[in-house]
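What follows is a single structure, written as structure tokens, with notes after it.
The values are calculated or read from the model by the stated rules, or taken from the named source; none is laboratory data. Note that the structure is predicted; figures quoted are calculated from it, not measured. Cβ: placed from backbone, ideal geometry, glycine included. Neighbour counts: every protein chain shown. Just so you know, the surface numbers come from the protein's heavy atoms only, side chains and all, with ligands and any DNA or RNA stripped out. Shrake-Rupley method; radii C 1.70, N 1.55, O 1.52, S 1.80 Å.
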Amino acid sequence: MARPEKVRLGDLLVQQNVITDEQLKLALDEQKRSGRKLGRVLVDSSYATEEGISKALARQLGADFIDLKTFQPKPELVKLLPEAQARRFRALVLDEERDLLRVGMSDPTDLAAFDEIARIVKRDITLAVITEGQLLPLLDRVYRRTDEIAGLAKDLTQEMGDIPVEFGSVLGITPGAEDAPVVRLLQTVFEEAQKTRASDIHIEPQEKSLLIRFRIDGVLHIQTEADNKISTALVLRLKLMSGLDISEKRLPQDGRFNIKLRGSSVDVRISTMPTQYGESVVMRLLAQNTGLLQLDKLFMPPRVLERFRHCISRPSGIVLVTGPTGSGKTTTLYAALNELNTPEKKIITVEDPVEYRLPGINQVQVHEKIDLTFSRVLRTALRQDPDIILVGEMRDQETAEIGMRAAMTGHLVLSTLHTNDALSTPIRLLDMGVPRYMVALSIQMVLAQRLVRVICQNCTEPHQPEPHELEWLRYELKERVDQFKYSKGAGCAHCANTGYQGRQAVYEFLEMSNALVEAANHGDPNEFMAVGRQQMAGHTLRRDAVRLVVNGRTTIDEAMRIATQLAE
């Protein structure tokens, strides 16, 4: 296709009955007032959709419309157009046909951009039309900065040479010292982590290399490997940023700092640990401007959501959310607090650390070094006339007993506990030394949860289960196992070829019914477990994971992984 012609977007959309004359007039008035592009005004005013506008332009220009949700770009072709220009021109190199490169543009009427792209790629190009809404998130995924990170690490290695890093050089105290390579490397690592939705960054010194890994959707992925020489410089810089003791290398340290990434504020929790080849660093990233989730947005099964809401709306008692580290317990509790947070209620949280800031709530950070412990803060909180108390974690007998006593004296207490499932939680509290009557009378509900990876909707495809997978499913589905269709993700640019994108929780819950309270008071754990199993029959974590499998939300492999964790 030759160079595209200049078209008047408004007239074109009216001709193709995408919008009316009246809508065009209103949109042009708004365009003059705001200075925004006409297409954006039409979409924001709900007169047209991005896809409708793009398809109309494609028909007019005789070009293809490409749906990027199902398109798999080739990395070697994408890189022909640098990221800065791709973002500036809202364009992406899609594929090649004979001697022509096909380039997708969200604004195919921008002739100057078309000519500049052809000049940059030094090839003849043909045009395809894409939507900006699909393009921008794809650019974040296809322009991975792995090579840039490796290059910056190499530059830092060369600058350092074989000379050991001194504190002064990292601090910039030595005349002429320059720590910019360290800063550039860390900035790029953080930006890439944000783009890939990483929850944690791991910096791990090995015998001959430095490994940088990202945890994405609960699974670690290698980002880059560099020379171990730069390990000390990176750790020192991170310690300075988080206010840790840079002279202490023999003991673990914990801290936090805040950084700005692409206009958003990110809280970073840092943990250092001495290892055989240097200090290992793990950083948890917590975006502060993502907004709190609502309970309705957690994809709880209706039965679970109804009972959970019922229990947290009670004026007293304790509601426990359980599961291993990284299972989404804090997210669930904050969603509950967000719903409970009204001007009529006094809410106090006792946390280590405070992960999210909530307006209207009194949040206290535990500080063990100055004896500001969970139990001490909790005692003080009870004298502050609270209606609701959130305890970050029931770590010991003392904290658990204070929380239970508060629940029995007219307060609603929300907390977490590290247990394998809902049924074992009351037994765990008894093992901690909490009196039996407290456990029986104070607990309203135990909600157990796990996170499973969700199939990428851009590359989902049918999956024929293996014999061992069918056998595993048969335990829950019985003879219905052959009635369902199963899916998996093939892997694409949208999910970094993993087949998964995002995570969703699976749940089970145990409510302390009269029968369970009586069984708990009898003191026979076997009787309690038998009554609990009867109450939870058909509503376990394993069954909820199978529900997501048959609904096409996750894979059999992910559900089996959850079941394996429960069996451990």
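Report yes if some residue within region 65-75 is open to solvent by less than 70 Å² (accessible area, probe 1.4 Å), within 18 Å of residue 123 (Cβ to Cβ), in a helix (DSSP H, G or I) and of a type outside the set (S, T, N, Q); otherwise report no. Even if it seems obvious, please write down each step before you answer.
Residues of region 65-75 that are open to solvent by less than 70 Å² (accessible area, probe 1.4 Å), as a first pass: 65-68, 71, 73.
Pick out the ones that are also within 18 Å of residue 123 (Cβ to Cβ) and you get 73.
Filter once more, so that each one left must be in a helix (DSSP H, G or I): none.
Looking through region 65-75, none of the residues is open to solvent by less than 70 Å² (accessible area, probe 1.4 Å), within 18 Å of residue 123 (Cβ to Cβ), in a helix (DSSP H, G or I) and of a type outside the set (S, T, N, Q).
How many of the residues making up region 253-279 are closer than 18 Å to residue 206 by Cα and either not hydrophobic (A, V, I, L, M, F, W, C) or not in a strand (DSSP E or B) (or both)?
Of the residues in region 253-279, 8 are closer than 18 Å to residue 206 by Cα and either not hydrophobic (A, V, I, L, M, F, W, C) or not in a strand (DSSP E or B) (or both).
Any residue at all in region 113-127 that is closer than 30 Å to residue 216 by Cα and surrounded by 17 or more Cβ atoms within 10 Å (Cβ to Cβ)?
Start the filter on region 113-127 by keeping residues that are closer than 30 Å to residue 216 by Cα, which leaves none.
No; the residues of region 113-127 include none that is closer than 30 Å to residue 216 by Cα and surrounded by 17 or more Cβ atoms within 10 Å (Cβ to Cβ).
Listed residues 364, 319, 350, 282; which is assigned to a strand (DSSP E or B), out of contact with any Ser or Thr (no Cβ under 6 Å at 6 or more places or on another chain) and at pLDDT 95 or above? Even if it seems obvious, please write down each step before you answer.
Values: 364 fails: at pLDDT 95 or above; 350 fails: at pLDDT 95 or above; 282 fails: out of contact with any Ser or Thr (no Cβ under 6 Å at 6 or more places or on another chain).
Answer to the selection: 319.
If you check residue 144 against the conditions, is it open to solvent by 50 Å² or more (accessible area, probe 1.4 Å) and modelled with pLDDT of 70 or more?
When the stated conditions are applied, residue 144 does not pass them.
Conditions tested, residue by residue: (1) surrounded by fewer than 18 Cβ atoms within 10 Å (Cβ to Cβ); (2) of a type outside the set (Ser, Thr, Tyr); (3) part of a loop (DSSP other than H, G, I, E, B); (4) under 25 Å from the mean Cα position of the chain (by Cα).
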| position | (1), (2), (3), (4) |
| --- | --- |
| 221 | yes, yes, no, yes |
| 231 | no, no, no, no |
| 247 | yes, no, yes, no |
| 250 | yes, yes, yes, no |
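Kindly indicate which of 542, 474, 480 is of a type in the set (Lys, Arg), at negative phi and within 28 Å of the chain's Cα centre (by Cα).
Numbers: 474 fails: within 28 Å of the chain's Cα centre (by Cα); 480 fails: within 28 Å of the chain's Cα centre (by Cα).
Of 542, 474, 480, the one residue that is of a type in the set (Lys, Arg), at negative phi and within 28 Å of the chain's Cα centre (by Cα) is 542.
Checking the condition among the hydroxyl-bearing types (Ser, Thr, Tyr), part of a helix (DSSP H, G or I) and open to solvent by 10 Å² or more (accessible area, probe 1.4 Å), which residue from 342, 380 passes?
Numbers: 342 fails: part of a helix (DSSP H, G or I).
None of the others qualify; the one that does is 380.
Could you list all residues from region 84-109 that are open to solvent by 10 Å² or more (accessible area, probe 1.4 Å) and in contact with a Lys or Arg (Cβ under 8 Å, 6 or more places away or on another chain)? Spell out how you get there, then give the answer.
The first filter runs over region 84-109 and keeps only residues open to solvent by 10 Å² or more (accessible area, probe 1.4 Å), leaving 84-85, 87-90, 95-100, 102, 106-107, 109.
Listed by number, the residues that qualify are 95, 96, 99, 100, 106, 107, 109.
If you check residue 508 against the conditions, is it in contact with a helix residue (DSSP H, G or I) (Cβ under 8 Å, 6 or more places away or on another chain) and closer than 25 Å to residue 450 by Cα?
Details: in contact with a helix residue (DSSP H, G or I) (Cβ under 8 Å, 6 or more places away or on another chain): yes; closer than 25 Å to residue 450 by Cα: yes.
Yes: the conditions hold for residue 508.
Could you tell me whether residue 81 is under 19 Å from residue 126 (Cβ atoms), surrounded by 15 or more Cβ atoms within 10 Å (Cβ to Cβ) and out of contact with any Leu (no Cβ under 6 Å at 6 or more places or on another chain)? Lay out the reasoning, then the answer.
Working: under 19 Å from residue 126 (Cβ atoms): yes; surrounded by 15 or more Cβ atoms within 10 Å (Cβ to Cβ): yes; out of contact with any Leu (no Cβ under 6 Å at 6 or more places or on another chain): yes.
So residue 81 fits the description; yes.
Scan region 277-331 for residues that are open to solvent by 20 Å² or more (accessible area, probe 1.4 Å), aliphatic (A, V, I, L, M) and closer than 29 Å to residue 252 by Cβ and jot them down.
Correct list: 282, 285, 287.
Tell me yes or no: at least one residue of region 545-568 is among the charged types (D, E, K, R), modelled with pLDDT under 90 and under 18 Å from residue 425 (Cβ atoms). Give the derivation first.
Of the residues in region 545-568, the ones among the charged types (D, E, K, R) are 547, 553, 557-558, 561, 568.
Now narrow it down to the ones that are modelled with pLDDT under 90: 561, 568.
Next, from what is left, pick out any that are under 18 Å from residue 425 (Cβ atoms): 568.
Checked against the condition, which is being among the charged types (D, E, K, R), modelled with pLDDT under 90 and under 18 Å from residue 425 (Cβ atoms), region 545-568 yields at least one hit.
Just give me the residues in region 168-213 being part of a helix (DSSP H, G or I), modelled with pLDDT under 55 and either among the basic types (Lys, Arg) or surrounded by 14 or more Cβ atoms within 10 Å (Cβ to Cβ) (or both), in sequence order.
Filtering region 168-213 for residues part of a helix (DSSP H, G or I) gives 168-171, 180-195.
Remaining after also requiring modelled with pLDDT under 55: 168-171.
Within region 168-213, 169, 170, 171 meet the criteria.
Those residues that are of a type in the set (A, V, I, L, M, F, W, C) and part of a helix (DSSP H, G or I), I need them from region 76-86; list them, please. Break it down into steps so the answer makes sense when it comes.
Our first condition is that a residue be of a type in the set (A, V, I, L, M, F, W, C); within region 76-86, this holds for 77-78, 80-81, 84, 86.
Selection gives 77, 78, 84, 86.
Do the conditions hold for residue 36, that is, is it of a type in the set (D, E, K, R), in a loop (DSSP other than H, G, I, E, B) and surrounded by fewer than 18 Cβ atoms within 10 Å (Cβ to Cβ)? If you could, list the steps in order and put the result at the bottom.
Values: of a type in the set (D, E, K, R): yes; in a loop (DSSP other than H, G, I, E, B): yes; surrounded by fewer than 18 Cβ atoms within 10 Å (Cβ to Cβ): yes.
Judged against the criteria, residue 36 is a match.
Search region 79-103 for residues that are touching a residue at least 60 places away in the same chain (Cβ under 8 Å) and pair each with any residue that is exposed (fewer than 15 other Cβ atoms within 10 Å of the Cβ) when their beta-carbon atoms are under 8 Å apart and the residues are at least 6 apart or on different chains.
Every condition considered, no pair remains.
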